[in-house]
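We did not get these values from a lab; they are worked out from the coordinates using the rules stated. Just so it is clear, the structure is predicted and the values come from calculations on it, not from any experiment. Don't worry about glycine lacking a Cβ; one is built from the backbone with ideal geometry, like all the others, and counts go over all protein chains shown.
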Amino acid sequence: MTILQSLAYLALFLVLPPLLPGVVNRVKSRLAGRQGPPLWQLYADLARLARKGAVYSRTTTWVFRAGPVVGLAAVASAGLLMAFGGAPAALSFAGDFILFAYLLALARFATVLAALDTGSSFEGMGAAREVTFASLAEPALFLCLITLARATGSISLSGMLGPALPLAWSRAAPALLLAAIALFVVALAENARIPVDDPNTHLELTMIHEVMVLDHSGPDLALILYGASLKLFLFGALFVRLVLGFSVQGLAGLGVFLAGVVAFAALIGVVESIMARLRLVRVPQLLVGASVLSAFGLVLLLR
Amino acid sequence: MFFVILAPLALAAVAFAVPSQGRRPLALLAGGLLHLAGVTALWLARPAPVLGGWLELDPLARVVLPMTSVLFCVCAVYAQGYLARRAERDNRVFVGGLLVLLSAMTVVALSQHLGLLWVAIELTTLTTAPLIYFDKSARSLEAAWKYLLVCSLGIALALLGTFFLALAGAGPGGPRSLLLADLTRAGVALSSPWVRAGFVFLLVGYGTKMGLAPLHSWKPDAYGEAPGLLGALLSGGVTSVGFIALARVVQVCSAAGESAFARDALVGMGLLSMALAAVFMIGQRDFKRMLAYSSVEHMGILALGLGLGGAAASGAMFHTVNNGLTKGVLFLAAGNIHRSYGSKRVDEVRGAARRLPISGPLFLAGFLAVTGSPPFSPFFSEFSILNGALGSGRWVVGGLYLFFLSVIFVGMGATVLKVVQGDPTGAPEVPASGDTWLTAGPPLLLLGLVLLLGLFLPRELKLVFDAAAARVGG
Amino acid sequence: MRMSAWTEMVFILVVVLDFFLLASSRLKAVIRAAAAQGALLAVMPLLLAWHTTELGHVLALSIGALVVKGIVIPRLLLWAIREASIRREVEPIVGFIPSLILGGVGVALAFAFSSAMPLPTPEQHAFIVPTALSTVWTGLLLVVSRRKAVSQVIGFLVLENGVFVFGLLLSDFMPAMVEAGVLLDLFAAVFVMGIVMFHINREFSSLDTEKLSVLKD
């Protein structure tokens, strides 16, 4: 039964994520007073892109072609380690959260390499910015996960987000709350959302993530967009499981979980509507602030 | 006892209310004289503690109150002449602030409650900061800001230290009070780590107020830019009451059995202050800043004496009085010289002995007194501290003490001689600012007192100094 | 939530505000954060001592602290920055990110230190000492490293907040007069600082203390 359950969840993981950017855009449009694109817009975009042909620049090599594929593969593999719904993850072992973080890092690395491979200084600039912010977001992410590990006494993602979590919330709520806030900030940074990066910008000087994928076209772009939505779903799953902190099994648990992920996307939409993008020199302060917050949560647990 | 506190405050209110610029300095004089009369009455009458033991004329208060009162009176007389010359500046805040300062210093001396002590010390900072800006120049504004910020910071840390001490006594068997009598009676019942932590913060806090190194950064700027009158009161009065506050803390520490820790810290900081003063005194180009470093040095001597204990502590009490009076001489004379030449820089001022026939030689005599030359009284107090050091076998401390004193003598002497000697022709001159009885008489009187105390120390005063030292646990 | 869980939340919020104060460069936001911290701390005596009999005295202290720290002093500081027309702190001597990290290290050390020093009155809330020390450390960092005079005054205010937290430990036997005196001194100190800042702005046309560096040896 559990294997079937895990497979079903994996199928959901592969099918549902493109809905999330749609939710974000819809919320943003509604808050701006517009009607906004339909929720399944990304599905249509992916289908359209898959039908097109790809154009490759003469300066690129196999690295450029491999980038989107490796990126998607890494993110999808990370999904194997994540616990969805009310169930544990498909794969879990001690210390798997480190593998989780580094699979996501591998995806980013592949994208960055592809960007550098084009030989364009424009994309190099985007790659440099992305990597700088990632190097600050990673300690924050790890501190969150370590706080979670310390609170629940488990070093596997399934254990951290599993039945020990409600108990941890009743004992160490403030620390977990701080970790949750820091995790939200990391999610905003890793998924290139405002206030770290504006996904709708067309101005050269303000692009970070967009400029890295500027040269991709056709199916490659589809792979990248799909991978980005998977990453957003993963962070949403992590955040929702951390915050909800209760173990409801079966279909009810799944329903609550999915509602939570949609709410997470809506929250991102709201944040994007209220705030403006930070100046680039202020983003490190935000990320270090998130690190310090989760470090403080850890200190609260250690005393 | 309330009279000595409230009389200056009442006169401060009067000073704020009086619209006449010329009459206002009289309030200073009246306040000073009333205060002196009150202190004399207290000294003779030996009253009991009031306010439930919060205010008491204990030996430490007996040391510091008369000296402060005399210094203030003399400065009040000087102020008549000084403020008359500075008639263009509004002296409402100046006069009122000085009277409030007198009241606050009195409360610090009399207070037996650590919380009240803290409030009064903070009041001395707040009431003197605007007065540094009396000149209304950019430099004095900078000095006032640094003084305000650094001293307030120190006082805030002192509050934390006071709370630590209160916490030390907050246990189930403890006194649960901030009254000195209760805390010293509790003795070793006070929680030791909190007493130590409290002492550290209080040393930093009240040490900032005194101007011990390395917390002295505000002193050269503040004393350098303040009017000479204010400098005399700050370096003679406020630092002395800061020292009293520190002595009270040591009183608690000794009772709690932490005296070794406290004393070592005091000796260390005392020597550090003297060393720093010596270094900065050499080649000093501004003679008012030089006086500030002299103040740092003497605070170091006081801390050293307190830390050594015994006869040295008694000497430190005597030195409090001497330092206060001598600084009065120096600052008032320096103020006169500054006003007459319009400059504080050593390369512009020379020949003060000729142009100002009283203030110039007074400055020189004051220098001799403050560096410990006989027959002036600082010699005897500094000697008893040295005696205490060598007598308890601390040769290194005694040796360093002598070495720093000599370096300071040389450094300060070079500056002072350059100012006093020589031919004043060609040096800048401000018209109508020579010596008058009102501006030169007061420092002369103070010097006379210093000489008198050196030649003949009444036995009763010696007993008071010994009792004060014993109070602190010497 | 239990009463002590609420108090724990308030202490943690105070420390989070400390981090915000260290990281932010927008002066209005910093003043508001310091005011919020003061207001939170003014409520603390009520939360901690709601079961004692001297409710009137505790209430008076809370209201006094709320008015002074939460309303009067922030108004004064906002007036000061409006007068001087400044909105942002320039890059401080210790940069924003190092300040934030130093603050974080300070908080960790404060928690470590307080678990090493046992309280003589163990029935009090365990977070008082670390919160107090963290806030004192934050205030100290702000005073020492910021360049604008207003930021230095805010640092002083935060430091006094930290000392106030510590004073909560002693609220059952500290006489009212001393507490009132402490509050009054804080008010008077900030008032005097405000006046001096007004003069500084008039004299130098700026509140940048870099300009106050003529006096030196």
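By the rule of a C-alpha distance below 16 Å, with chain neighbours fewer than 8 residues away ignored, no lysines are paired with B:K462.
If you take the Cα centroid of the stretch A:170-207 and the Cα centroid of the stretch C:1-37, the two points sit 20 Å apart.
Between C:R88 and C:L27, the built amide H atoms are under 5 Å apart, and every one of these is 5 or more places off in sequence or on another chain. Comparing Cα centroids, the stretch B:172-208 and the stretch A:252-298 end up 48 angstrom apart.
If you run the Gaussian network model on chain A, springs between alpha carbon atoms under 10 Å, then out of A:F233, A:F184, A:F93 the most flexible one is A:F93.
Near C:A149: Cβ cut-off under 15 Å, other residues only, Lys/Arg at +1 and Asp/Glu at -1. The net charge is +3. At an R0 of 30 angstrom, the distance between the Cβ atoms of C:L78 and A:T132 translates into a FRET efficiency of 0.25. Charge dipole of chain B (Cα centre as origin; +1 on each Lys and Arg Cβ, -1 on each Asp and Glu Cβ, all else neutral): 320 debye, rounded to the nearest 20. With r defined as the distance between the Cβ atoms of B:S343 and B:I282 and R0 fixed at 22 Å, what FRET efficiency is calculated, to the nearest 0.05? That gives a FRET efficiency of 0.55. Among B:G198, B:L291, B:G315, flag the residue with its Cα farthest along the positive direction of the charge dipole of the stretch B:174-331, charges on Cβ as +1 for Lys/Arg and -1 for Asp/Glu. Positive-most Cα among the choices belongs to B:G198.
Separation of the stretch B:395-474 and the stretch B:1-31, taken as the distance between their Cα centroids, equals 30 angstrom.
In a reduced charge model with +1 at each Lys and Arg Cβ and -1 at each Asp and Glu Cβ, the stretch A:94-213 shows a dipole moment near 620 debye about its Cα centre. Only Cα pairs under 8 Å and 6+ residues apart enter the sum, and on that basis the relative contact order of chain B stands at 16 percent. Model label sites at B:D182 and A:L39, defined 7 Å from Cα along the beta-carbon direction, differ in position by 6.8 nm.
Between B:L402 and A:L214, the modelled label-to-label distance comes to 8.0 nm, taking each label 7 Å out from Cα in the direction of the beta carbon. Computed from backbone phi, the HN-Hα couplings of the stretch B:360-370 come to x, x, 4, 4, 5, 5, x, 4, 4, 5, 6 Hz, rounded to whole numbers (Karplus: 6.51 cos²θ - 1.76 cosθ + 1.60, θ = phi - 60°; Gly and Pro given as x). Using a simple spin-label model with pseudo-atoms 7 Å out from Cα toward Cβ, C:R88 and B:W395 lie 6.4 nm apart.
Couplings 3J(HN,Hα) for the stretch A:33-50, derived from phi with the Karplus relation 6.51 cos²θ - 1.76 cosθ + 1.60 (θ = phi - 60°), are x, 9, 6, x, x, x, 5, 9, 4, 5, 4, 4, 4, 4, 5, 4, 5, 5 Hz, where x marks Gly and Pro. Calculate the FRET efficiency for B:R89 and C:L102 from the Cβ-Cβ distance with a Förster distance of 51 Å, rounded to the nearest 0.05. The computed FRET efficiency comes out at 0.70.
What's the exposure ranking of B:E348, C:E203, A:E272, going from fewest to most Cβ atoms within 10 Å?
B:E348, C:E203, A:E272
In terms of surrounding Cβ atoms within a 10 Å radius of their Cβ, C:I86, C:I200 rank from fewest to most as C:I86, C:I200. Projecting the Cα atoms of B:L276, B:F404, B:P8 onto the charge dipole of the protein assembly as shown, computed from C-beta unit charges around the Cα centre, puts B:P8 farthest toward the positive end. For B:G434, neighbours were defined as the other residues whose beta-carbon sits under 10 Å from its Cβ, and their charges (Lys and Arg +1, Asp and Glu -1) total 0. The residues packed around B:P47, meaning those with a beta-carbon under 15 Å from its beta-carbon, carry a net charge of 0 if Lys and Arg are +1 and Asp and Glu are -1.
Measuring against 30 Å, Cα to Cα, the residue pairs C:K28/C:K216; B:K219/C:K148; C:K69/C:K216; B:K146/C:K28; B:K288/C:K211 contain C:K28/C:K216; C:K69/C:K216 as the ones spanning a longer distance. Simple point charges give the picture: +1 on the Cβ of Lys and Arg, -1 on the Cβ of Asp and Glu, and for the stretch B:272-418 a dipole about the Cα centre of about 520 debye.
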